[in-house]
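Single-structure report; data block below.
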Amino acid sequence: MKKVIIISASPRQGGNSDSLCNKFMAGAKEAGNQVEKISLRDKNINYCKGCGFCVNNDYTACSQKDDMEKILEKIITSDVIVMATPVYFYTMCAQMKTFIDRCCSRYTKIKNKEFYFIATAADPNKQALYKTFDDFRGFTDCLDGAKEKGLLYGSGVWAKDDIGKTQLLEEAYHMGLSV
């Protein structure tokens, strides 16, 4: 059994990337894993101030006291991290980028994790998501022992119910089963 944390950056509850998270979660639970989904839209996460507090404290703390502190503790103690974002203007949404930036305070403690990335975009061209996955890799390149385990390209979905007209929900479920 693995401890799986799913980070959903969708600002729309039940949106396309959020629905894929739910299907991934169902598959991962069925496979016998402990799974928790964290919806960033429900959390109070401030922007990184670049104040240097984390650097001066050996990357053990942040000067800001918001929901990020508890989320980071869950990330550090997890085995698998799923990061899902809608794509706006060919990159991850602001909620996901803010989350990644705030990992700075304890990023040296995020070690030996398996990562799955999910991205959805209105553009039907799968290549429109390449930059977003590269941006995710920019984050994981800074983490010791990070292993990319899977990518889900959710291209061609915009309206809230578009994801149900594709095979993507089934793909997310099977990806979750593979954890």
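The values are calculated or read from the model by the stated rules, or taken from the named source; none is laboratory data. Quick caveat, the model's predicted, so the values are computed rather than measured. Don't worry about glycine lacking a Cβ; one is built from the backbone with ideal geometry, like all the others, and counts go over all protein chains shown.
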Selection count where residues are surrounded by fewer than 14 Cβ atoms within 10 Å (Cβ to Cβ) and closer than 30 Å to Glu170 by Cα, scope region 42-65: 1
Tell me, please, whether a residue that is without any contact (Cβ under 8 Å) to a residue 12 or more places away in the chain and more than 28 Å from Arg106 (Cβ to Cβ) can be found in region 125-138. yes
Considering region 1-41 alone, what residues qualify as being crowded, with 21+ Cβ neighbours inside 10 Å, under 12 Å from the mean Cα position of the chain (by Cα) and among the small types (Gly, Ala, Ser)? Ser8, Ala9, Ser10, Ser17
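Is it the case that region 72-87 has a residue that's hydrophobic (A, V, I, L, M, F, W, C), touching a Phe, Trp or Tyr at 6+ places or on another chain (Cβ under 8 Å) and farther than 30 Å from Asn125 by Cα?
To start, the set of residues in region 72-87 that are hydrophobic (A, V, I, L, M, F, W, C) comprises 72, 75-76, 80-84, 87.
So of that shortlist, the ones also touching a Phe, Trp or Tyr at 6+ places or on another chain (Cβ under 8 Å) come out as 80-84.
The next check asks that each one be farther than 30 Å from Asn125 by Cα; those that pass are none.
The answer is no, given that none of the residues of region 72-87 is hydrophobic (A, V, I, L, M, F, W, C), touching a Phe, Trp or Tyr at 6+ places or on another chain (Cβ under 8 Å) and farther than 30 Å from Asn125 by Cα.
To keep it simple, each residue is scored yes or no on (1) of a type in the set (A, V, I, L, M, F, W, C); (2) outside any loop (DSSP other than H, G, I, E, B).
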{"residue": "Gly14", "(1), (2)": "no, no"}
{"residue": "Ala26", "(1), (2)": "yes, yes"}
{"residue": "Ile45", "(1), (2)": "yes, no"}
{"residue": "Cys51", "(1), (2)": "yes, no"}
{"residue": "Leu72", "(1), (2)": "yes, yes"}
{"residue": "Ser78", "(1), (2)": "no, no"}
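Please verify whether Ala94 is under 25 Å from Gly15 (Cα atoms), buried (at least 17 other Cβ atoms within 10 Å of the Cβ) and within 13 Å of the chain's Cα centre (by Cα), treating the condition exactly as stated. I'd like the intermediate steps shown before the answer.
Numbers: under 25 Å from Gly15 (Cα atoms): yes; buried (at least 17 other Cβ atoms within 10 Å of the Cβ): no; within 13 Å of the chain's Cα centre (by Cα): yes.
No, not satisfied.
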Just for region 96-124: of the residues that are in contact (Cβ under 8 Å) with a residue 40 or more places away in the chain and of a type in the set (Phe, Trp, Tyr), which one is nearest to Asp162 (Cα to Cα)? Tyr116
Among what's in region 72-82 and is β-branched (Val, Ile, Thr) and in contact (Cβ under 8 Å) with a residue 60 or more places away in the chain, pick the residue that is surrounded by the fewest Cβ atoms within 10 Å (Cβ to Cβ). Thr77
Screening Lys147, Lys113, Lys160, Lys109 for residues that are surrounded by 14 or more Cβ atoms within 10 Å (Cβ to Cβ), of a type in the set (Lys, Arg), touching a Lys or Arg at 6+ places or on another chain (Cβ under 8 Å) and modelled with pLDDT of 95 or more leaves only Lys113
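Any idea which of Thr85, Thr120, Thr132 is part of a helix (DSSP H, G or I), crowded, with 16+ Cβ neighbours inside 10 Å and of a type in the set (S, T, N, Q)? Outline the logic, then answer.
Numbers: Thr85 fails: part of a helix (DSSP H, G or I); Thr120 fails: part of a helix (DSSP H, G or I).
Step by step, each of Thr85, Thr120, Thr132 is checked, and only Thr132 is part of a helix (DSSP H, G or I), crowded, with 16+ Cβ neighbours inside 10 Å and of a type in the set (S, T, N, Q).
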